[in-house]
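These notes concern the structure reproduced below.
The values are calculated or read from the model by the stated rules, or taken from the named source; none is laboratory data. It should be emphasised that the depicted structure is a prediction, and the values quoted were computed from it without experimental measurement. Here the Cβ positions follow ideal geometry from the backbone for every residue, glycine too, while neighbour counts run over all protein chains shown. The area values use the complete protein model at the heavy-atom level, side chains included, leaving out ligands, DNA and RNA. Shrake-Rupley method; radii C 1.70, N 1.55, O 1.52, S 1.80 Å.
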Amino acid sequence: MELGPLGSKVTGVMLRLCLLAVCVAAAAATNTLVLVDTLATRETHSIFLKSLQERGHELTVKVADDPSLQLSRYGEYLYQNLVIFAPGVEEFGGALSVETIVEFIDGGGNVLVAGSREAADLIRELVTEVGVEMDEEGAAVIDHLHYDANDDGQHTLIAAPSSGLIDSEVMVGARDAIPLLYRGTGLITDADNPLVLPVLRAPSTAYCYSPTQAITDYPHATGQNMLLVAALQARNNARVVVSGSLEFFSDAFIMASVQTPQGASYERSGNGRVVEALSRWVFMEEGVLRVVSIDHHLQDQSEPPVAYTIKDDVEYKIKVERLVEGTWKPYVANDMQMEFVRIDPFVRLTMTPSSNGLFSVKFKVPDVYGVYQFKVEYNRVGFTRLYSSTQVSVRPFTHLQYERFIECAYPYYASAFSMMVGVFLFSLVFLHHKESPSKTKAD
């Protein structure tokens, strides 16, 4: 059946709309590369991978030594996220290396790395680049008080208390009393590094050592100084999560029941909840803030001036949004501050929030002219670093703006006028006073 001119136009429009929808869907998808030791990992970790797909991730699962591996092409990254579930890989395939992964993080990419007690040197070198050190090869986390009843007798199947989780609902979800199953090696970090976050600390009774060897030296990692899961949020807001246990993300641990030596039993471990929350955080689905708009002006005006004058009354506003379930919503907090900076802060005030995400503050410009900045720097655990800087000029008073008479100068005014009056009186006396002539001897 032949289509008329109108039918051809309608068909063309529908094809364009379909093509546009496909392009938009492709642009909205998040490309994630998953590297595994063997493709069997897709079956043992299917719950975790399926949750990523349900949240809109386009997964590409490859063996870690695949010769076709590459993260970028023609200067553009092919993936936004990288998952490394290959603790045994000796060398990455293709164009992938520790250096390219570090460059990927520097370019804003997010990485999730899972190791094990037998992790290869390549994985250890990679996590060292992000401020995390794995314990010696063969060393496992051991705890003789916090282990699961299904342990094989070496007490390496740890039932980690949820109290060891970081106090951030954005990163690990709402905290409950259900322990988490963990079997792997311990992690060591520098406590003075502000970028590394302790996601899950080991119990105070745990230590890391080879379970098949007698303890002759003091263990490197002990107690709560040892981490089971660590995270890094770089200065460019790229995120990295390092786990010492690949099984932490497995279906077996997510679906397993937990029974502690103290007699407490739980139908399901806390791994599923924490794994999903942590994956949302590391892949920038949670804890993301952005600045929508900035406004500053005099309190009795609505437009910003060319320059402010000292002692002006100024109002500053900034609108902030937070990413929640894929949509941007107003962010509300009572601890966001604004600084008015000229080399050092002259003003630092806490802004007043509103329900629509608008923060505002009113203040008086300091009595010092120069070039200033409205600066907002908001750093909170679990959220991306929010930074905003707006430069303005502050000038002194013009001659017409100064006060005509200053109260503290009244004595000087009086002395000046008294001198004028004195000179005037002296002039009158001097000009109009005439002495009588003195008489001579002849007179």
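So LYS329 fits all but one of (1) of a type in the set (D, E, K, R); (2) open to solvent by less than 70 Å² (accessible area, probe 1.4 Å); (3) assigned to a strand (DSSP E or B); what number is the exception? Condition not satisfied by LYS329: (2). For segment 82-115, a residue qualifies if it is touching a residue at least 60 places away in the same chain (Cβ under 8 Å), within 30 Å of THR156 (Cβ to Cβ) and out of contact with any Asp or Glu (no Cβ under 8 Å at 6 or more places or on another chain), and the qualifying residues are ASN110, VAL111, LEU112, VAL113, ALA114, GLY115.
PHE374: assigned to a loop (DSSP other than H, G, I, E, B), surrounded by 13 or more Cβ atoms within 10 Å (Cβ to Cβ) and not hydroxyl-bearing (Ser, Thr, Tyr), yes or no? Considered against the rule, which asks whether it is assigned to a loop (DSSP other than H, G, I, E, B), surrounded by 13 or more Cβ atoms within 10 Å (Cβ to Cβ) and not hydroxyl-bearing (Ser, Thr, Tyr), PHE374 comes out as no. Picking from residues in segment 256-278 that are open to solvent by 30 Å² or more (accessible area, probe 1.4 Å) and among the small types (Gly, Ala, Ser), the one that is farthest from the chain's Cα centre (by Cα) is GLY263. From the list VAL381, VAL361, the lone residue that is closer than 30 Å to LEU289 by Cβ, out of contact with any Cys (no Cβ under 8 Å at 6 or more places or on another chain), among the hydrophobic types (A, V, I, L, M, F, W, C) and part of a loop (DSSP other than H, G, I, E, B) is VAL381. The test for being in contact (Cβ under 8 Å) with a residue 24 or more places away in the chain and touching a strand residue (DSSP E or B) at 6+ places or on another chain (Cβ under 6 Å) holds for VAL291. Screening the candidates GLN224, GLN259 for the property of being within 20 Å of LEU145 (Cβ to Cβ) and in contact with a Lys or Arg (Cβ under 6 Å, 6 or more places away or on another chain) yields one hit, GLN224. Of the residues contained in segment 72-92, one or more are found to be of a type in the set (S, T, N, Q) and either surrounded by 16 or more Cβ atoms within 10 Å (Cβ to Cβ) or in a loop (DSSP other than H, G, I, E, B) (or both). Restricting the first member to segment 31-59 and to residues that are on the phi > 0 side of the Ramachandran plot, and the second to residues that are open to solvent by 10 Å² or more (accessible area, probe 1.4 Å), the beta-carbon pairs closer than 7 Å and six or more apart or on different chains are GLY56/ALA29; GLY56/THR30. Among the residues of segment 340-364, those that are hydrophobic (A, V, I, L, M, F, W, C) and out of contact with any Lys or Arg (no Cβ under 6 Å at 6 or more places or on another chain) comprise PHE340, ILE343, PHE346, VAL347, LEU349, MET351, PHE359, VAL361, PHE363.
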